[in-house]
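**Q** Starting off with a structure, shown below.
The values are calculated or read from the model by the stated rules, or taken from the named source; none is laboratory data. The structure displayed is predicted, hence computed values, not measured ones. Quick note on the areas: whole protein, heavy atoms, side chains included, nothing else; ligands and nucleic acids left out. Shrake-Rupley method; radii C 1.70, N 1.55, O 1.52, S 1.80 Å.
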Amino acid sequence: MELFPFKKTISYVQLPLPPSSLHPCFESNHNFLGEIAPHLSGTLYIHYVIRKNDSPAHAIGLSELEECLNESYFSVMQKNGALDLVLIPPFNDEDCEIKCDTVRVTGPEVNNITPPKEVWESAPSVSLNIRQYDGVVVGGTFDYLHAGHKILLATSVMVCKRYMEIGVTTAALLQNKKYKEFIQPFAQRVNNVRNFVTALNPNIEYKILELNEPFGNTTTSPLLHAIVISPETKPICHAINEQRKERDLPPLDIIEVKYVLPPSETFGGDKFKMSSTGVRAKLFELQTPPQQK
């Protein structure tokens, strides 16, 4: 343990963005995260940065970035499922240095972790090839904010230039949820979402709305240009665009996040599907007397 004097509950590390999970840079990141994760507690911020050198740059699209986020979450969760993990995606514009300085986590209460030199030596030059929109919308329950939520929100931030609406479902849409009595209060879910997206990019204007019915603001807002979704919500997007067409509004581009996470061992070594329902089911099991189950 002498090599890991991480006594604080907030940790921050910068890592080079790998072009894919098959590149040696990803393996170096993976090994490093696996080494430090068991010795950390609280929140770990991993800030991916773009390395530029004289070699030809690897172009990274949205699918490659999602893969990197997905695999990074899994790398850490395998070693320490209790960590609150925040992956800060890279920026690729003229304000890159300003934004990186803005989101850098500093202070006497922070473990600022320096990766070994071989992590950076294996990193190639990369560039982002991701279309961005002035207005983006995303929605969900965001109950017990987990890796799937974080990948969805991080993708939304990556494709957004200026303005983002985030719909958070209220009780009106939660009546059929399993173990609904264990759903976190609306205010707590909103606060968790706001803190997370602000950590990713504080320069975006975020508007968090109550989602009382499935469409929310999407069929009427002229400020929106793209919607970020998980696969199970894709059918509703076509209905949204039909209603926008009737109102002479341009259709929203649909950005589908195909995250697939392996089982996590967050709760006492028992494997469960990475979902809010899985978390609530485990809470029900832990808190309900056997005779009431």
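**Q** As a quick test, which of the pairs 79/117; 52/258; 52/245; 207/258 have an alpha carbon distance above 32 angstrom in this structure?
**A** 52/245
**Q** Residue 127's amide H: which non-local residues (gap 5+, or another chain) put their own amide H closer than 5 Å, with H modeled 1.01 Å from N in plane and none for Pro or chain starts?
**A** 58, 59, 60
**Q** Using 0.36 nm per residue, how much length does the chain from residue 125 to residue 194 gain when fully extended, once their Cα-Cα distance is taken away?
**A** Roughly 21.6 nm would be gained on extension.
**Q** Per residue of segment 193-209, in order, report the coupling 6.51 cos²θ - 1.76 cosθ + 1.60 (Karplus, θ = phi - 60°) as ³J(HN,Hα) in whole Hz, putting x for Gly and Pro.
**A** Karplus values, whole Hz, x for Gly and Pro: 5, 4, 4, 5, 5, 5, 5, 6, 7, x, 8, 7, 7, 9, 10, 9, 10.
**Q** If you don't mind, another one. Taking H as built 1.01 Å from N, whose amide H comes closer than 5 Å to the amide H of residue 88, not counting residues under 5 places away?
**A** So residue 88 has HN proximity to 46, 47, 48.
**Q** If you don't mind, another one. Tell me, what is the 1.4 Å probe accessible area of residue 67, in Å² to the nearest 10?
**A** Rounded to the nearest 10, the figure is 70 Å².
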